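Reading through the structure tokens given below for one structure.
The values are calculated or read from the model by the stated rules, or taken from the named source; none is laboratory data. All values derive from a computational prediction rather than experimental measurement. Glycine also receives a Cβ, built like all others from the backbone with ideal geometry; neighbour counts cover every protein chain displayed. SASA here: full protein model, heavy atoms, side chains in, ligands and nucleic acids out. Shrake-Rupley method; radii C 1.70, N 1.55, O 1.52, S 1.80 Å.
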Amino acid sequence: MVNVLVVDDELPAVEALAYLLARDERVGSIHKAASGAEALRALENHDVDALFLDIHMPALSGLDIARVISRFSRPPAVVFVTADEDKAVQAFELAAVGYLLKPVRAERLAGSVRRICELLDDRMARGEGAEPAARPEVISVDQGGVTKMIRRDDIRYVQAQGDYARLHTAESSYLIRVPLNDLERQWAQAGYLRIHR
């Protein structure tokens, strides 16, 4: 069971996200905070595996909180929940497990909970004193003038499209200006196999 902390300065957003999380059988206790300071106090008082953080809050923003907890010996996983797409690069630089846009869709939330569970399973398999896991590789893609960050482990397959490659995820596909041969070499260690000439 994953113990979570939901942090947002808007109470209806906290309650809505807590409601969706409570419907997921993988989620255990759900703690709530309405400010960055309240979130840090909750982290001192509760065993928390993951934070669902709003980015824009007065005083301490979600990004500020993520920077603080990144110094913890065992930081909780972070999923940013925001109405803005423009902070995705900063979020993934802080090793975010997910970046959910409001209004939060249940299937996207379930995907973030799945990644948190995988991260926790990995930590348990390595033991308490082990080095932290390597951050997942993130690929930046341009879609309609907006840069999005896609985790490599969310890519189901890659298809050649002329001199470029098209990345396919469960939600969408993205054209990148990298030849398929280059990706084949770069991602061989990650288990990607070429199945067609």
Check: So for the pair Gln90, Glu10, with labels modelled 7 Å out along Cα→Cβ, what separation do we get in nm?
Finding: 1.8
Margin query: Just to verify a number: FRET efficiency for Ser73 and Arg41, C-beta to C-beta distance, R0 = 22 Å, to 0.05?
Written below: 0.70
Notebook entry, point to check: By its C-alpha gyration tensor, with a ≥ b ≥ c as the square roots of the eigenvalues, how is the range 49-197 shaped: rounded for a/c under 1.5, else prolate for a/b larger than b/c, else oblate?
Noted result: oblate
Check: Could you give the longest part of the chain that holds none of the GluC sites (Glu not before Pro) found in DSSP loops with at most 16 neighbouring Cβ atoms within 10 Å?
Finding: 26-84
Next item on the list: Taking DSSP loops as anything outside H, G, I, E and B, show the longest stretch in the chain free of chymotrypsin sites (Phe, Trp or Tyr not before Pro) there with at most 16 other beta carbons within 10 Å.
Entry: 73-191
Notebook entry, point to check: Cα gyration tensor of the range 37-130, axes a ≥ b ≥ c as square roots of the eigenvalues: rounded (a/c below 1.5), prolate (a/b > b/c) or oblate?
Noted result: oblate
Check: Can you tell which of Ala170, Tyr19, Val68 lies farthest toward the positive end of the dipole of the chain, using +1 and -1 charges on the Cβ of basic and acidic side chains (Lys, Arg; Asp, Glu)?
Finding: Ala170
Notebook entry, point to check: Can you work out the FRET efficiency for the pair His56 and Arg23, with r the C-beta to C-beta distance and R0 = 35 Å, to the nearest 0.05?
Noted result: 0.85
Note to self: Just to be sure I understand the model, the point goes 7 Å from the Cα along the line to the Cβ. What's the resulting Ala106 to Leu193 distance in nm?
What the structure shows: 3.6
Next item on the list: Within the range 15-80, list the trypsin sites (Lys or Arg not before Pro) lying in a DSSP loop whose Cβ has at most 11 other Cβ atoms in a 10 Å radius.
Entry: Arg23, Arg71
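In Å², what does the accessible area per residue of the range 6-161 work out to with a 1.4 Å probe? Write out the running numbers ahead of the final one.
On the way: 8510 Å² over 156 residues.
Heavy-atom accessible area per residue stands at 55 Å².
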Check: HN-Hα J couplings of the range 3-8 from phi, Karplus 6.51/-1.76/1.60, θ = phi - 60°, integer Hz, Gly and Pro as x?
Finding: 8, 10, 10, 9, 10, 7
